[in-house]
Each structure stands twice: as structure tokens, then as C-alpha cells.
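Since the structure comes first, as C-alpha cells, the remarks are kept for the end.
The values are calculated or read from the model by the stated rules, or taken from the named source; none is laboratory data. Small disclaimer: the values here were computed from a predicted structure and weren't measured. Cβ: placed from backbone, ideal geometry, glycine included. Neighbour counts: every protein chain shown. Remember, those area values only see protein heavy atoms, side chains included, never the ligands or the DNA or RNA. Shrake-Rupley method; radii C 1.70, N 1.55, O 1.52, S 1.80 Å.
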Protein chains: 2
Amino acid sequence: MPRMRHSRLDCSPGCAVEATLGLIDGKWKGVVLYHLLDGTLRFNEIRRKLPSVTQRMLTNQLRELEADGLLARKVFAEVPPRVEYSLTDRGRSLRPVIMALKAWGDANAALFAAPAALDAAPAAA
Amino acid sequence: MPRMRHSRLDCSPGCAVEATLGLIDGKWKGVVLYHLLDGTLRFNEIRRKLPSVTQRMLTNQLRELEADGLLARKVFAEVPPRVEYSLTDRGRSLRPVIMALKAWGDANAALFAAPAALDAAPAAA
DNA sequence: CAGTATCCTATTAGATACTG
DNA sequence: CAGTATCTAATAGGATACTG
């Protein structure tokens, strides 16, 4: 069972930066958080938004986010089963962070598309 | 030689979130970027700010940041050698992102100190 | 001072199959 | 539908020693 991620607390004061990063890294956490900003989603709804995530990975990432108090998991005793994921207050408080990441990514999309565009690109603010 | 990190581009539109994250994850990149926001630093100056980083890791992280166009490495032909690291314009454009990460981390410091404080804590905005 | 070079371990992530 | 369970591959990260 994959528990125990980097503690990353052996710094300061940049420590806070790494601590926050530690909660939202993991290959899919950022996107998951991003999509949940729009509201509650079921397991397979999230999955459909992440074309190449495996079931196992998505479960892991969701469990870690839950363990970190960023999202809530609500299981409905139905057949077929239904599980809904939504952000907690703490999770929602990450909105500015997520949006800052997204804004920069959008502004620098060229960087990701063409690695060689480094010199040419205008380095958008 | 550790090259080739996750491409993370198989999403959308949360893609931008992961793309940005991909550039600043790595166990030390966030802090390095943070410290360089204050100005140019030499190799060992950075190292001193990161008590437990190894020489190898710091070098790796710095090289990746450089390859991603976020920082510039300036070598002085002196004895003893001197190498200065500073943010590029693109690196500086990450300031809002880094500061958002830091702000959240500071506001939620309790979360990192005591993992059990999840319920009690007030979930600062 | 600012790295390289090796070697080795731990953590992450993917594939695949099965289940309440 | 929403997971588990295994097994394995890839990657990140650390320890240590050496060098221009």
C-alpha cells in the first residue's frame, strides 16, 4: 500500500512551497483538483477526464488527496455502487494555487509544445 | 543521466495545471525557484539553504530548471570556480505561482505539522 | 568551488486480472 | 460502478568517492 510520501520539511522558509507542492504533485492530483473545482464528480467521471490514467493510479491519488483532507469521498449504498468526490473547504482553498498553475501553463503553452521554442518565446507574464 | 520526465500532456484542459507542475516538481525545484526570486545565488549558497540536498540532486534539479528555460547558469572562468544561478524572465514569471504555493503552505502549516489536525483545523482561505 | 561518476534503494507508475 | 490484488518496469532519489 503506497503511503508515506516525501516529507520535504527539511527546508525553510521555502519549506512552505515544497509542503504545498507535496500535496498536489503526483501525476494526476493537479488535474483532479482542477476538475473538482467545478463541483462533485463520480469516479468514472473523473476517469473520463483523464484519458490515460489507470484505475489503480486514480484510486491511489484520490485516496491520498482524501488522506490530506483536500477532498471528501461519499459512498452511496446503491446497486450499482456510486461514489462521489468533492473538495473539502481546505481543498477549495487551493483554488488560487490551482488557477495560478493553470494560468501560467496556458500562457506558456508554447514551451510545452516545442521544447526548442525557449529562446524565441516571449515569456508571458 | 536522468533526463526525460513525465510529459503529462495527455489531459485537457487541466493539462495546463499538470504541465506547470511538471516543471516545478522534483524534490527541490520549488524551493530553489523560491530562493532565486530574491536574486542571483552561487551553487553552494543554494546548497546551504537546502540542508539535506545532496550535491548530485541539486545539480540535477538545477540542470532541469535550466533546460526548461527557467534559470540561467553563468560560469566564471576563475580559480576557484564560480557559478551563478539566476532566474530568466520566464523563471521570474513564475513568481505568482511560487507565491501562491508559499501562501497556502504558510496558511496551512498546521496541516503539515500534525497530520491528525485535519478535522480540528479551520481550513484557512 | 562546483561539479562527475557509480552504485544502490525506494518510490511511482503501468498492465492485467479479479470482485462486491 | 468502483474498486482490489499482484506483479513488474521505470524513475527518482540517496550515499559515497573522485576531479578540474
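Residues in the stretch B:36-67 that are free of Cβ contacts under 8 Å to residues at least 60 places away in the same chain and away from DNA strand C (no atom under 14 Å from the Cβ) were compared, and the one that is least open to solvent (accessible area, probe 1.4 Å) is B:Gly39. A count restricted to the stretch A:68-100 and to residues that are at the interface with chain B (Cβ under 9 Å from one of its Cβ atoms) and within 16 Å of DNA strand C (Cβ to nearest atom) stands at 1.
So which residues in the stretch B:45-62 are in contact with a His (Cβ under 9 Å, 6 or more places away or on another chain) and charged (D, E, K, R)? Even if it seems obvious, please write down each step before you answer.
Here is the first cut: in the stretch B:45-62, the ones in contact with a His (Cβ under 9 Å, 6 or more places away or on another chain) are B:45-46, B:49-50.
Scanning the stretch B:45-62 gives B:Glu45, B:Lys49.
Here B:Asp38 clears all of (1) outside any loop (DSSP other than H, G, I, E, B); (2) over 21 Å from A:Lys102 (Cα atoms); (3) within 12 Å of chain A (Cβ to nearest Cβ) except the condition numbered (1). Report yes if B:Pro51 is at the interface with chain A (Cβ under 8 Å from one of its Cβ atoms) and within 15 Å of DNA strand D (Cβ to nearest atom), otherwise no. For B:Pro51, the condition - at the interface with chain A (Cβ under 8 Å from one of its Cβ atoms) and within 15 Å of DNA strand D (Cβ to nearest atom) - is met.
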